[in-house]
1. Just one of the numbered conditions (1) surrounded by fewer than 19 Cβ atoms within 10 Å (Cβ to Cβ); (2) without any contact (Cβ under 8 Å) to a residue 40 or more places away in the chain; (3) not basic (Lys, Arg) is not true of Asn83; which one?
2. Consider Gln101 carefully, then state whether it is more than 17 Å from Val123 (Cβ to Cβ) and in contact with a His (Cβ under 8 Å, 6 or more places away or on another chain).
3. If Lys131 meets every condition in (1) closer than 29 Å to Arg44 by Cβ; (2) assigned to a loop (DSSP other than H, G, I, E, B) apart from one, which number is that one?
4. Working carefully through the options Leu153, Leu97, find the one that is on the phi < 0 side of the Ramachandran plot, surrounded by fewer than 20 Cβ atoms within 10 Å (Cβ to Cβ) and not basic (Lys, Arg).
5. Out of (1) at pLDDT 85 or above; (2) of a type in the set (Gly, Ala, Ser); (3) surrounded by fewer than 22 Cβ atoms within 10 Å (Cβ to Cβ), the odd one out for Ala227 is which?
6. Being modelled with pLDDT of 95 or more and within 24 Å of Ala158 (Cα to Cα) is true for just one of Gln101, Gln96. Which residue is that?
7. I'd like the full set of residues that are aliphatic (A, V, I, L, M) and within 21 Å of Lys59 (Cα to Cα), limited to the range 167-200.
Amino acid sequence: MNTPKPTPKTRQMLGAVIVSSVLSACSTMPTAQDKNDPWESWNRDVHGFNKDFDDTILKPLAKGYKDITPNPVDESITNVFSNINDIGVTINDFLQLKFVQGGMDASRFLINTTAGVVGIFDVAKMIDLPKHDEDFGQTLGFWGVPSGNYMVLPFLGASSPRDTFGLIGDALLNPLTYVSLFGGFAANAATAAATTVDVTDTRSDLMSSEKILDEASVDRYDFVKNAYKQRREYLIHDGNPPEESNDPLLEEGLGEGATEGSANNKPQNNLTNTPSSGTSTIHDPNAVTIINNSTTMPKEGATTAPIINNSKHLLDLSAPDE
């Protein structure tokens with residue numbers, strides 16, 4: 001039985017269907033970059049916007065604040081907002097079933113609020129009650145909520161869908177939110193002023209540490225992204241992130257050094273940037289680290305979290321002015 005041959009018109013139609021199918025398949029197949037950072041185009045645009053805003057407004061404001069504020073006053077302002085933050089930290093402790101740590105943080109808040117004069121003085125630190133860093137984004141991660149893809153928020157900087165939702169939880173745990181909602185115009189103005197001071201004070205505290213960001217990275221966006229991912233996973237897993245995970249934020253964020261650290265059950269004190277081209281690696285164990293939005297020099301032989309703490313989701317650091 002002879003099979004009828006397709007006419008030239010039919011062959012053209014079949015060829016068009018095949019070509020269009022192949023092109024469609026190619027267009028839907030994600031590249032490695034799309035898989036790791038599918039929102040990179042948006043993220044880079046927002047990252048650039050945030051940097052411009054920081055360079056134009058926030059950094060000059062922070063510099064002026066630093067120039068006119070004596071160190072004892074600056075430290076006291078930092079302590080007051082840190083004390084308010086301890087309310088949310090304590091609640092998140094208990095939500096993560098960290099009852100001993102929750103008791104310590106509750107005691108820390110009570111002591112600093114009373115003996116420390118509403119938190120002006122960090123008396124709790126003097127009696128070995130350390131400051132912890134817990135937020136609602138970490139609580140969601142503790143209960144298995146995946147981070148989702150890396151994203152950059154306008155004004156707020158590096159984040160993820162999980163941590164963005166966590167911001168809402170953090171706001172509900174902050175008493176200043178309720179003062180602003182139910183306190184009338186005067187209270188709203190006072191809360192807005194307090195928030196401005198808080199952001200300015202925090203940005204000012206980071207001024208001396210931002211040089212490491214400029215010197216350690218060729219691609220600023222990749223550096224901040226990887227540092228943020230490592231830091232968040234370090235916090236969620238209390239210094240022991242798992243070796244393998246289906247979480248896209250963890251898959252790209254943990255580099256070779258961090259994976260080795262998890263295998264040895266030791267937190268890393270270096271930052272390893274992974275697949276992105278044009279990035280650098282920090283292996284110096286004595287490098288300055290930014291922990292809890294303050295600059296510290298780790299003790300010899302001590303291990304610390306990866307540098308750059310963006311737990312408050314502040315603006316990305318901009319390059320320092322020499």
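The values are calculated or read from the model by the stated rules, or taken from the named source; none is laboratory data. Bear in mind that the values here come from a model prediction, so they are computed numbers and not experimental data. Positions of Cβ are backbone-derived with ideal geometry, glycine not excepted, and every protein chain shown enters the neighbour counts.
1. Evaluating Asn83 over (1) surrounded by fewer than 19 Cβ atoms within 10 Å (Cβ to Cβ); (2) without any contact (Cβ under 8 Å) to a residue 40 or more places away in the chain; (3) not basic (Lys, Arg) leaves (1) as the failure.
2. Working: more than 17 Å from Val123 (Cβ to Cβ): yes; in contact with a His (Cβ under 8 Å, 6 or more places away or on another chain): yes.
Criteria met by Gln101.
3. (1) is the only condition that Lys131 fails.
4. Values: Leu97 fails: on the phi < 0 side of the Ramachandran plot.
Just a single option satisfies the conditions, and that option is Leu153.
5. (3)
6. On the way: Gln101 fails: within 24 Å of Ala158 (Cα to Cα).
One residue alone meets the criteria, Gln96.
7. Within the range 167-200, the first condition is being aliphatic (A, V, I, L, M), and the residues that meet it are 167-168, 171-173, 176, 179, 181, 186-187, 189-190, 192-194, 197, 199.
Selection gives Ala192, Ala193, Ala194, Val197, Val199.
Condition check ((1) in the same structural domain as Asp55 (by TED's automatic domain parsing); (2) touching a residue at least 24 places away in the same chain (Cβ under 8 Å); (3) of a type in the set (Phe, Trp, Tyr); (4) surrounded by fewer than 19 Cβ atoms within 10 Å (Cβ to Cβ)) across all residues:
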residue	(1), (2), (3), (4)
Ala158	yes, yes, no, no
Arg162	yes, yes, no, no
Leu167	yes, yes, no, yes
Phe182	yes, no, yes, yes
Phe185	yes, no, yes, yes
